[in-house]
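Step one of this worksheet: look at the structure below.
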Amino acid sequence: MSMYFDIGDETLWNPSNGSGRLFLRQLEVFEAALNLPSGIGQGKHWGDPDTLEVDPAAYAEFVHALVAWHCRTGHSVILALSEGFVATAVALARRAGTEVELPEPEAGHIGGPAQRDIQVPGNPRTTSAAVVVTALDTRAREMDRWMAR
């Protein structure tokens, strides 16, 4: 069995039920974290839980906020936990025709305004912002190659 993530009559992604449901559960987590709906929901085949419709405008807004959030954190564990999901979300957005521009690395290191999560022990991640942004873009391109249509 598999799932369908569609815009109209176009299938953007046709994952197995296992990976599709995992993506949806993680989507719920990040919708709550960002306090922003993703734009992915039950679509044209009401009653078929395996067919989901992607609202391109709402999903674009969600992915832009998600990428900004991901690239702004300096918390190593949060980066590690979120990178795969964010890369998958970016690949799906690109398939939907959304231009996902990754943030320009600011001088120095990642991190932005004060975050709620403090990394203990040690200092916040000191990897350069360019490394984080490049890794996310590379991972998103890999995900696009691995995601069935």
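The values are calculated or read from the model by the stated rules, or taken from the named source; none is laboratory data. Worth saying up front: this structure is predicted, and the values here are computed from it rather than measured. When we count neighbours, we look across all protein chains shown, and the Cβ atoms used for this are built from the backbone with ideal geometry, even at glycine. Quick note on the areas: whole protein, heavy atoms, side chains included, nothing else; ligands and nucleic acids left out. Shrake-Rupley method; radii C 1.70, N 1.55, O 1.52, S 1.80 Å.
Of all residues in the range 13-33, those satisfying the criterion of being under 27 Å from Ile78 (Cβ atoms) and surrounded by 14 or more Cβ atoms within 10 Å (Cβ to Cβ) are Trp13, Pro15, Ser19, Gly20, Arg21, Leu22, Phe23, Leu24, Gln26, Leu27, Phe30, Glu31. Quick check on Gln42: is it open to solvent by 40 Å² or more (accessible area, probe 1.4 Å), of a type in the set (S, T, N, Q) and under 13 Å from the mean Cα position of the chain (by Cα)? Judged against the criteria, Gln42 is not a match. Restricting attention to the range 94-149, and to residues there that are in contact with a His (Cβ under 9 Å, 6 or more places away or on another chain) and over 19 Å from Leu34 (Cβ atoms), which single residue is modelled with the highest pLDDT? Top of the filtered list is Ala129. Put simply, of Leu52, Leu36 the only residue that is at negative phi, open to solvent by less than 60 Å² (accessible area, probe 1.4 Å), in contact with a helix residue (DSSP H, G or I) (Cβ under 9 Å, 6 or more places away or on another chain) and at pLDDT 95 or above is Leu36.
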